[in-house]
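Structure first, commentary second.
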Amino acid sequence: MASTACFVIVSRNDCPIYESEVGTAPKKDEAAHLHQFILHASLDIVQDVVWTTNAMYLKLVDKFNDLLVSVYVTADTHTRLMLLHDSRNEDGIKNFFQEVHELYIKMLLNPLYVPGSRITSPFFDTRVRTLARKYL
Amino acid sequence: MIGVGRSKQNLNVVDRPLGKGKTEVSLSAFAFLFSELVQYNQTRVDNIAELERRLEDAGYAVGIRMLELLCHREKGNRRETRLLNILSFVHSTVWKSLFGKVADSLEKGTEHEDEYMISEKELLVNRYISVPKDMGAFNCGAFVAGVVKGVLDGAGFPARVTAHFVAVEGQPRPRTTILIKFSEEVLQREARLG
């Protein structure tokens, strides 16, 4: 079954630093905008939830029709890993987030990477897509 | 890329393991590097405040990375959401990882509710540094203040952090106190969380 999945890393000032469509559904032009819109709308909810728990994985925070938003907040509360998906698979998503988090830390430790700037590394992109195929 | 084997050179950062962080660096190598950092910045500023700000910025970049790394490595991916917890995280976990020991003391300011102090008898970065008289109250601990600021700011506790020398009776060298003054919003949130 074709699935929709859109993964975004949002940094300081709600600025996206990495985006990818990792679902298997055929791409539609207007879908990308819709996904961004839903994810952006759920940022407010994230902001409220983030202080109520000290777990990083916030699970499902929002939904829009049949699209669900899962969020993972790293130790730096400004960095949020957000996934828009249409299948319920909590364990897979959790593992996906944890592995991407580790990848993100590796990127961050690079002294030439400025925290909060766009992640342009093709290696990072490839690894995220591999993880998405594995877990989602 | 001197001394790096070919196979490692070809591995991208995402393919290398994160490491356990148990390795230590030689103190002389660090002291040399730090002295170069101070000298480099000193030639590029007009006044002491600017120099302190530059050292703080350098520390900030370290702090923001340490927070992310240590929460992953030592805390098993738990975040800190409470003020006292994040302070003790800085005082013990961060200090241990950076300096090999916990900080000498962590106190709450007596005059203001929003002030906390971390004191260190002999701060590692200040061990081989003596400040000339004409530089006034300049303290290279500004770098460490920057690290603390980076950790706190990253975790969502914005604060003004400064380093000061405090004379101790019967000691030839003053101790360094890192003064942390939290923003208003942090205390408001803390009160709301109860």
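Since every read-out is calculated from the coordinates, none of them should be taken as a lab result. Quick caveat, the model's predicted, so the values are computed rather than measured. Please note: Cβ atoms are built from the backbone with ideal geometry, for glycine as well, and neighbour counts cover all protein chains shown.
Please report A:C15, B:C71, B:C140 as a ranked list, fewest other C-beta atoms within 10 angstrom at the top and most at the bottom.
A:C15, B:C140, B:C71
From the Cα gyration tensor of the stretch B:27-193, with a ≥ b ≥ c the square roots of its eigenvalues, which class applies: rounded if a/c is under 1.5, or else prolate if a/b is larger than b/c, or else oblate?
prolate
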(Q) Using the Karplus curve 6.51 cos²θ - 1.76 cosθ + 1.60 with θ = phi - 60°, what ³J(HN,Hα) values do you get for each residue of the stretch A:35-49, in whole Hz, with x for Gly and Pro? (A) 4, 4, 5, 5, 4, 5, 5, 7, 4, 5, 5, 4, 4, 6, 5
Q: In whole angstrom, note down how far apart the Cα centers of the stretch A:59-126 and the stretch B:58-137 are.
A: 28
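Quick check on packing: order B:142-150, B:44-52 by the mean number of other C-beta atoms within 10 Å, highest mean leading.
Most protected by this proxy first, the peptides run B:142-150, B:44-52.
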**Q.** 10 Å Cβ neighbours from other chains, averaged over peptide B:64-77
**A.** 5
Q.
Please compute the contact order of chain A in relative form: average sequence separation of alpha-carbon pairs under 8 Å and at least six residues apart, divided by the residue count, as a percent.
A. 26
Q. Counting only the backbone N, which residues of the stretch A:85-109 are under 17 Å from the spot 7 Å out from the Cα of A:K63 toward its beta-carbon?
A. A:85-91, A:93
Q: Could you calculate the FRET efficiency of A:T126 with A:N95 from 1/(1 + (r/R0)^6), where r is the beta carbon distance between them and R0 is 22 Å, rounded to 0.05?
A: 0.75
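What is the fewest-to-most order of A:S20, B:S28 by other Cβ atoms lying within 10 Å of their Cβ?
Details: A:S20 15, B:S28 9.
With the fewest neighbours first, A:S20, B:S28 line up as B:S28, A:S20.
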Q: Take the cross-link list A:K27/A:K134; A:K27/A:K94; B:K121/B:K149 and give me the ones stretching past 23 Å between alpha-carbons.
A: A:K27/A:K94
Q | Inter-chain Cβ neighbour average for residues A:72-80, partner chain, 10 Å | A | 6
**Q.** Value of [θ]222 nm, deg cm²/dmol, for chain A, DSSP H segments ≥ 4, -39500 (n - 2.57) each, nearest 500
**A.** -13500 deg cm²/dmol
Q) Got a sec? How would A:M107, A:M82, B:M135, A:M56 order by Cβ neighbour count within 10 Å, fewest to most? A) B:M135, A:M107, A:M56, A:M82
Q | Principal axis box of the protein assembly as shown, alpha-carbon based, largest edge first, Å | A | 76, 55, 36
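Using a 10 Å Cβ count of at most 11 others and DSSP loop calls, identify the longest part of chain A lacking such trypsin sites (Lys or Arg not before Pro).
My reading of the result: A:29-87 is the longest stretch.
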Q) From the phi of every residue in the stretch A:82-93, what ³J(HN,Hα) in whole Hz does the Karplus formula 6.51 cos²θ - 1.76 cosθ + 1.60 yield, where θ is phi - 60° and glycine or proline is x? A) 10, 10, 9, 8, 10, 10, 8, 7, 4, 4, x, 5
Q: Ignore the peptide's own chain and count Cβ atoms of other chains within 10 Å of each Cβ in B:15-28; give me the average, rounded.
A: 1
